[in-house]
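Take a look at the structure set out below.
The values are calculated or read from the model by the stated rules, or taken from the named source; none is laboratory data. This structure is a prediction, so every number in the text was calculated from the model and none was measured. Positions of Cβ are backbone-derived with ideal geometry, glycine not excepted, and every protein chain shown enters the neighbour counts. These accessible areas exclude ligands, DNA and RNA; they are computed on the full protein's heavy atoms, side chains included. Shrake-Rupley method; radii C 1.70, N 1.55, O 1.52, S 1.80 Å.
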Amino acid sequence: MKSKDLRKKFFDYFIKHKHEKVPSSSLIPALDPTLLFTNAGMNQFKDVFLGNEKRNYNKAVSIQKCVRAGGKHNDLDNVGFTKRHLTFFEMMGNFSFGDYFKKEAIQFGWEFLTKELGLPKDKLHATVFETDNESYDIWKNVIGIPEDRIHRCGAKDNFWQMGDIGPCGPCTEIFYDRGPEFGPAFDCDQESERFLEIWNLVFMQYNRQADGTDKPLKQTGVDTGMGLERLSLVMQQKDSVFQTDLFTPIIEKIEKITGVNYQKSNPEIQAAFHVLADHIRSASLLIGDGCAPSNDGRGYVLRKIIRRAALFAQKLTDKNIFPELSKELIKQMDGTYPELKENEKLIHQILNSEIEKFAQNLVRGKQILEQYMQENKKSKIITGQQAFKLYDTFGFPQELIIILANEHGFTVDMEGFEKHMAAQRAQSGKKEVDQLAQLDFGKEISSEFTGYDQLETPSKIIALVFENKPVDHISKDRQCWVIVEKSPFFIVGGGQVPDKGWLVIDDKKVPIEQVRYINRAIAAKIKTPIDIKIGDTITSIVNKELRINAMKNHTATHLLQAALMELFGKQIKQSGSLVHPDYLRFDFTFSGTLTWHDINKVEDLVNKKIRENIPVEIEYMSFKEAIKKGVLAFFGEKYNPEKVRVVNVPEFSMELCGGTHVEHVGDIGTFKITDVSTIAAGHKRIVALTGPKAIELFQETFDTIKKIRNDFNVKRSQVIEVIAKQKEELKKAQTEIKLLKKEQLRNQLPLWLKQVEEVNGIPFVLVDIKNAHHDQLKDIISYLQDKQPGFYFVVSKLDGRSLFMASLASQYEKHLNLKNLATWLKENYNLRGGGSKTMLQGGGGKFDPQIKTDLIEWIKSRI
């Protein structure tokens with residue numbers, strides 16, 4: 001049975017049983033700081049399970065794209081060497097939100113596997129959590145599985161949680177028995193090639209708290225997960241997921257490009273095929289969802305995936321095969337994930353750019369490894385710390401470090417390496433617990449946001465928080481959080497920063513230090529001017545000037561995106577934004593080059609729309625209806641399927657957005673782009689000003705131009721020309737000064753040579769010169785060493801700082817070591833430098849003339 005048939009059967013079965021078909025969410029989790037990547041089907045339903053979000057359905061079915069390559073769930077280093085580990089996989093799942101529970105979930109799973117797919121009943125085993133008698137009884141008495149095929153297991157395998165905090169509960173797993181020839185009888189504590197886990201049915205009963213306790217959820221739920229790749233393996237009777245039809249087209253493409261036969265290759269070469277086939281999937285789909293390589297967070301993991309693939313590709317070919325492989329993948333999967341085709345050019349560009357960068361990094365990494373081998377030639381061991389640096393900084397997989405070390409007769413301290421790996425995992429696993437988000441008020445609290453229509457709202461206090469605990473009243477002069485029934489303070493949405501403002505309490509206007517959500521309520525942090533209590537009426541006031549400026553910048557951001565798409569193509573996608581009262585910042589995907597001529601066209605189009613003064617329309621509709629109308633939605637944003645807010649500038653821009661906006665685009669006033677930069681391969685950033693800040697910039701620029709005109713007595717049109725002329729004359733003068741200095745230096749060289757004295761048989765002189773750069777110090781050192789090899793120290797005062805260079809002729813190495821001198825200079829004169837046994841350079845604070853006498857003593861003490 002082909003994987004596409006499995007997809008269809010799965011959806012058809014659960015749709016027949018009244019489940020809502022829900023599309024896969026992005027691999028970039030929407031507003032969820034607890035997750036690096038979407039790693040399970042239930043991620044997009046987390047708030048539904050928590051009771052924080054309502055849907056118009058209580059049963060759902062989805063096939064979710066997932067990545068497990070960082071954080072708690074990390075399979076990256078295993079991929080290639082096992083039959084089933086993957087970084088990217090698709091999780092088939094059915095879900096219940098307060099509808100059916102254990103009995104129906106188990107029946108659905110059993111019926112789908114045995115009736116729809118025809119798996120033999122006697123080949124299926126079930127596990128349950130050791131204390132979950134209810135699930136055990138269902139399997140035994142309702143489904144009719146013999147007791148010897150029902151196994152009670154511990155929390156490690158049969159109690160599921162999404163993260164350190166959040167929804168969790170006992171689970172039951174369904175295993176497929178491949179037969180006794182693959183291994184011994186079932187054992188909860190032993191992984192086996194004989195028993196393959198097919199389906200995990202999680203019964204959401206609890207919400208795990210930061211202190212490790214479990215609180216019952218407001219409503220129970222069911223979350224099931226079945227890997228499409230594993231199911232394909234079972235249904236297609238293969239031994240490895242890489243032999244299924246999900247991977248064979250990519251593996252065949254690798255064979256065609258490289259000329260290497262997969263079936264006839266040894267395990268090491270087959271591992272390279274596996275790594276490439278998996279990593280091209282995860283890398284392409286992550287890029288398609290807006291992830292860009294970087295040096296931290298998600299981008300760093302993506303970079304590691306691409307680099308690991310590049311290393312394994314070298315075992316097969318010297319060619320860059322990634323563009324061809326991504327084309328094959330897109331051809332195979334664009335029907336399921338159209339974002340791949342939409343971002344095909346961007347995917348190719350980022351993959352190529354990263355491979356080129358890594359090729360350079362690889363050369364540098366090998367040089368570092370050679371340096372380590374030189375340093376450790378006595379022990380013949382690459383230390384754990386050194387191996388970890390090669391892995392973490394240069395992207396070398398463990399196996400490559402071991403191979404390269406072994407080739408030179410070295411071993412690798414893998415125990416030390418694992419300690420560093422464990423420390424990094426522990427560090428990356430540490431999350432600052434938001435204690436305020438975990439508060440229990442004893443009842444559900446929420447605030448009505450009034451800020452779309454008003455900037456001042458009187459309302460009653462419904463909750464107070466002092467020292468991270470709910471309280472009924474708070475004394476004067478205490479810092480606390482105040483939660484009211486209705487609030488005009490905007491918190492977050494569309495990249496817009498939170499409002500600033502005041503609370504008016506007993507006619508006293510108190511500035512707010514911060515606003516945020518606590519659960520679903522709007523909370524303001526203040527220092528109390530008087531004693532306050534729940535039930536008091538206060539007034540919340542938004543800083544009008546800052547809000548209006550933020551509104552101008554937010555609407556301008558929408559116009560900017562629309563202008564970019566109109567001028568350069570619909571493939572442009574927002575990848576981030578910041579809307580501040582002072583400026584706006586817009587990040588977007590674009591694989592080409594933006595000239596200033598292009599930027600002027602964007603500015604002109606945005607300002608043209610501003611002059612047209614088009615009214616901004618706000619509409620509410622379902623997410624599905626909005627998408628049908630062509631409304632733009634963005635990765636990383638979370639949308640309520642039942643009701644979304646559409647911000648519409650008719651016939652130009654239409655986006656889903658929860659932010660605040662001007663009533664007419666003319667209210668923006670004017671728009672000016674101040675900066676354009678590349679933040680990653682295929683990702684650009686634009687910074688712009690609007691309204692008062694743009695006018696300030698124009699006035700400042702005008703004043704600057706006017707001053708230049710007056711100083712040089714030229715017309716405005718001649719300013720650029722006169723500045724260019726001044727630059728040319730300055731450059732010419734600097735060249736002449738440099739030549740004069742060089743001539744002056746040349747004349748002084750013989751004088752310094754005459755000052756050379758012998759200290760215990762070694763020629764020595766200290767040269768003190770003003771305003772000389774390192775290259776001039778080097779020229780002096782070279783001249784002296786050429787004329788009379790010895791030990792020379794040259795120092796210069798430049799821009800209030802001392803620069804120095806020391807050089808020792810090779811024949812005196814047995815007497816002196818400049819590495820020891822570096823330590824001496826640091827300890828005695830605060831001069832810091834680095835280099836080798838014969839050359840040292842650096843700088844530091846003030847130069848002390850006493851150093852000459854001390855250096856002579858230093859030489860004498862060592863000979």
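Going by what's in this entry, would ILE572 be described as assigned to a loop (DSSP other than H, G, I, E, B) and within 26 Å of VAL497 (Cα to Cα)? Full working, then the answer.
Working: assigned to a loop (DSSP other than H, G, I, E, B): yes; within 26 Å of VAL497 (Cα to Cα): yes.
In short, yes.
Taken over region 445-503, the residue count meeting the criterion of being in contact with a helix residue (DSSP H, G or I) (Cβ under 7 Å, 6 or more places away or on another chain), of a type in the set (D, E, K, R) and under 20 Å from ARG520 (Cβ atoms) is 1. Of all the residues in region 804-821, those that are modelled with pLDDT of 90 or more, hydrophobic (A, V, I, L, M, F, W, C) and within 14 Å of LEU766 (Cβ to Cβ) number 4.
Quick grid of which residues meet (1) among the basic types (Lys, Arg); (2) assigned to a strand (DSSP E or B):
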position: GLU444; (1), (2): no, no
position: GLN454; (1), (2): no, no
position: SER459; (1), (2): no, yes
position: ILE462; (1), (2): no, yes
position: LYS476; (1), (2): yes, no
position: CYS480; (1), (2): no, yes
position: PHE490; (1), (2): no, no
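Residues in region 617-636 that are under 22 Å from GLY569 (Cβ atoms) and in contact (Cβ under 8 Å) with a residue 40 or more places away in the chain: 4 in all.
Considering (1) touching a helix residue (DSSP H, G or I) at 6+ places or on another chain (Cβ under 7 Å); (2) surrounded by fewer than 21 Cβ atoms within 10 Å (Cβ to Cβ); (3) farther than 27 Å from THR131 by Cβ, the lone condition that GLN236 does not fulfil carries the number (1).
When region 597-616 is filtered for residues that are part of a helix (DSSP H, G or I) and touching a residue at least 24 places away in the same chain (Cβ under 8 Å), the ones remaining, listed by number, are ASP598, ILE599, LYS601, VAL602, GLU603, LEU605, VAL606, ASN607, LYS609, ILE610, ARG611, GLU612.
If you go through region 818-862 and keep only what is touching a residue at least 24 places away in the same chain (Cβ under 8 Å), surrounded by 12 or more Cβ atoms within 10 Å (Cβ to Cβ) and part of a loop (DSSP other than H, G, I, E, B), you end up with LYS837, THR838, GLY845, PHE847. Counted as qualifying within region 263-336 are the helices (runs of 4 or more DSSP H) with 2 or more residues that are of a type in the set (Ser, Thr, Tyr) and open to solvent by less than 10 Å² (accessible area, probe 1.4 Å), namely 267-288. Here is the figure for region 216-263: residues that are closer than 30 Å to GLN161 by Cα and charged (D, E, K, R) total 5.
Can you tell me which residues in region 401-444 are modelled with pLDDT of 90 or more, of a type in the set (A, V, I, L, M, F, W, C) and crowded, with 16+ Cβ neighbours inside 10 Å? PHE410, VAL412, PHE417 - these are the residues of region 401-444 that are modelled with pLDDT of 90 or more, of a type in the set (A, V, I, L, M, F, W, C) and crowded, with 16+ Cβ neighbours inside 10 Å. Of all residues in region 665-700, those satisfying the criterion of being of a type outside the set (Gly, Ala, Ser), open to solvent by 40 Å² or more (accessible area, probe 1.4 Å), out of contact with any Asp or Glu (no Cβ under 7 Å at 6 or more places or on another chain) and not in a strand (DSSP E or B) are ASP667, PRO692, ILE695, GLU696, LEU697, PHE698, GLN699, GLU700. Only residues that are assigned to a loop (DSSP other than H, G, I, E, B), open to solvent by 40 Å² or more (accessible area, probe 1.4 Å) and more than 28 Å from ALA633 (Cα to Cα) were counted in region 492-534, giving 6. Within region 356-382, being farther than 17 Å from LEU400 by Cα and assigned to a helix (DSSP H, G or I) holds for GLU356, LYS357, GLN374, GLU375.
Just to check your reading of the model, which residue among THR258, THR224 is in contact with a Gly (Cβ under 6 Å, 6 or more places away or on another chain), crowded, with 20+ Cβ neighbours inside 10 Å, touching a residue at least 40 places away in the same chain (Cβ under 8 Å) and of a type outside the set (Asp, Glu)?
Exactly one of THR258, THR224 is in contact with a Gly (Cβ under 6 Å, 6 or more places away or on another chain), crowded, with 20+ Cβ neighbours inside 10 Å, touching a residue at least 40 places away in the same chain (Cβ under 8 Å) and of a type outside the set (Asp, Glu), namely THR224.
Among the residues of region 646-664, the ones that are part of a strand (DSSP E or B) and open to solvent by less than 30 Å² (accessible area, probe 1.4 Å) come to 7 in all. Taking region 148-219 as the region of interest, the strands (runs of 3 or more DSSP E) fully inside it that hold 3 or more residues being surrounded by fewer than 22 Cβ atoms within 10 Å (Cβ to Cβ) and at pLDDT below 95 are 195-208. In the set (1) at pLDDT 85 or above; (2) open to solvent by less than 90 Å² (accessible area, probe 1.4 Å); (3) in a helix (DSSP H, G or I); (4) more than 21 Å from GLN850 (Cα to Cα), LEU777 fails one condition alone, (4). Report, by residue number, each residue of region 53-102 that is part of a strand (DSSP E or B), farther than 18 Å from LEU228 by Cβ and at pLDDT 95 or above. Across region 53-102, the qualifying residues are LYS59, SER96.
Note on region 383-400: residues that are within 18 Å of LEU76 (Cα to Cα) and either at pLDDT 80 or above or in a helix (DSSP H, G or I) (or both) amount to 11. Evaluate the following for PHE49: is it within 22 Å of HIS274 (Cβ to Cβ), aromatic (Phe, Trp, Tyr) and either in a loop (DSSP other than H, G, I, E, B) or open to solvent by less than 10 Å² (accessible area, probe 1.4 Å) (or both)? Here the answer is no, as PHE49 does not meet what is asked.
Whenever a residue of region 328-345 is within 24 Å of GLU255 (Cβ to Cβ) and without any contact (Cβ under 8 Å) to a residue 40 or more places away in the chain, its partners that are assigned to a helix (DSSP H, G or I) and open to solvent by 50 Å² or more (accessible area, probe 1.4 Å), lying with C-beta atoms within less than 6 angstrom and at least six residues away or across chains, give the pairs ASP334/LYS341. Scanning region 577-596 for residues being open to solvent by 60 Å² or more (accessible area, probe 1.4 Å) and over 29 Å from ASN543 (Cβ atoms) gives a total of 3. There is no residue in region 112-122 that is touching a residue at least 12 places away in the same chain (Cβ under 8 Å), among the hydroxyl-bearing types (Ser, Thr, Tyr) and closer than 18 Å to ASP177 by Cα.
Within region 376-396, the residues that satisfy the criterion of being surrounded by fewer than 17 Cβ atoms within 10 Å (Cβ to Cβ) and within 20 Å of the chain's Cα centre (by Cα) are ASP392, THR393. Could you go through region 70-82 and let me know if any residue there is closer than 30 Å to CYS291 by Cα, among the aliphatic types (A, V, I, L, M) and in contact with a Ser or Thr (Cβ under 7 Å, 6 or more places away or on another chain). Yes; the residues of region 70-82 include at least one that is closer than 30 Å to CYS291 by Cα, among the aliphatic types (A, V, I, L, M) and in contact with a Ser or Thr (Cβ under 7 Å, 6 or more places away or on another chain). Cβ-Cβ distances below 9 Å connect the following pairs, each with a first residue in region 675-687 that is without any contact (Cβ under 8 Å) to a residue 60 or more places away in the chain, a second residue that is assigned to a strand (DSSP E or B) and among the β-branched types (Val, Ile, Thr), and a separation of six or more residues or different chains: ASP675/ILE686; ASP675/VAL687; SER677/ILE686; SER677/VAL687. Looking across region 98-121 at every residue that is in contact with a Phe, Trp or Tyr (Cβ under 7 Å, 6 or more places away or on another chain) and either closer than 30 Å to GLN398 by Cβ or not aliphatic (A, V, I, L, M) (or both), the one that is most open to solvent (accessible area, probe 1.4 Å) is identified as GLU116.
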